[in-house]
Structures are given as C-alpha cells and as structure tokens.
C-alpha cells in the first residue's frame, strides 16, 4: 500500500528525531532487526532459565519435581503451591482444572506431578485418612501406614505429632519434617 506524501513526511520527521541510524533509511533498521531479536531472545532464555532455577530451589528434591516446575511455572510461581496445602483429592482436582485451562503434560508427567504434590504438599488427615492415603502423604511403607490406622483404631485419635511418633515403625524425623501438614 503506497504511502501518501503526508505519511511519508511524518516518517521522515520521525527518522530525523530518532538519530543517525534511521537517517540512512529504514532498510538499515530492518537489516539489524534479526540480530537485535536474537540478542533479546537469548536474554529471555537466560531469564527463563534463572526463573526456573529459582523455582526449583523452592521445591524439595524428589521424583516429579522437574515436571512440577516445567508444567506449573508457565502460569504461576512456586508460592502458589507452597502456600496452598490441600488433601490428595484436592490436589487431583487442582491438576484436572489446570489441564482444562491449558496446562500441558503427558499422562505419565501428570501422575508424577500428582504423586510429588501428595508426598510433599498434601495435608495429612492423620485421624481420618485410610492407610493408602497415609502411605502416600507420609511417604511410608504400607505396613507403617497400617500400623498408624491400627494405633488410631485401638487408642483413639492422635492429638499431636508426638502421638504419631509413638507408633511402631514411624520415623520421628519424617514426622517432624511434615509436622506443618498434619491435621488432627
């Protein structure tokens, strides 16, 4: 589409205000564009890499950590996950909502993400959860989870993390590491 004389004169006036690089003509600017784009793209890659590294540092190590960072960091930062403890069922629902809103992952990645969130961020409903859920959220063997349920059935509800530590086979350090997630 040809430019009229008014448009052309406006362009010439803008070129003279911008500086000598433009006074040689717009061709010089267009020829320089790809290199500027590459420099900016590299900067964006470094920035994304730095942000990803910072996010990874906020999450505990474990199977599924890389998938959580990859899939979830496209929409929100780590604080969302760290600040919102949920039950395993609520995490499953959250992941389903994320997928419906456009988060992309392979089925195996979704499974790793869900397990990672359950092991590291799910609430531990110590007085209500079945052995299977305790096994997952406390990251214990089936035998230990069964022992917790049996102790609860035989002795009544747990009142503190110290009560949980009294169950045979329970690792006190693991309980202490998860104490903020227990719901009594």
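Can you name the number of the only condition in (1) more than 27 Å from residue 58 (Cα to Cα); (2) free of Cβ contacts under 8 Å to residues at least 24 places away in the same chain that residue 161 fails? Failing condition for residue 161: (1). Just checking: which of the helices (runs of 4 or more DSSP H) contained wholly in segment 66-184 hold 2 or more residues that are modelled with pLDDT of 95 or more and surrounded by 12 or more Cβ atoms within 10 Å (Cβ to Cβ)? In segment 66-184, the matching helices (runs of 4 or more DSSP H) lie at 88-100, 107-121, 131-138, 142-155, 161-165, 172-177.
The values are calculated or read from the model by the stated rules, or taken from the named source; none is laboratory data. Everything numeric in this text was worked out from a predicted model, so none of it was measured. Positions of Cβ are generated from backbone atoms using ideal geometry, with glycine treated the same way; all protein chains shown enter the neighbour counts.
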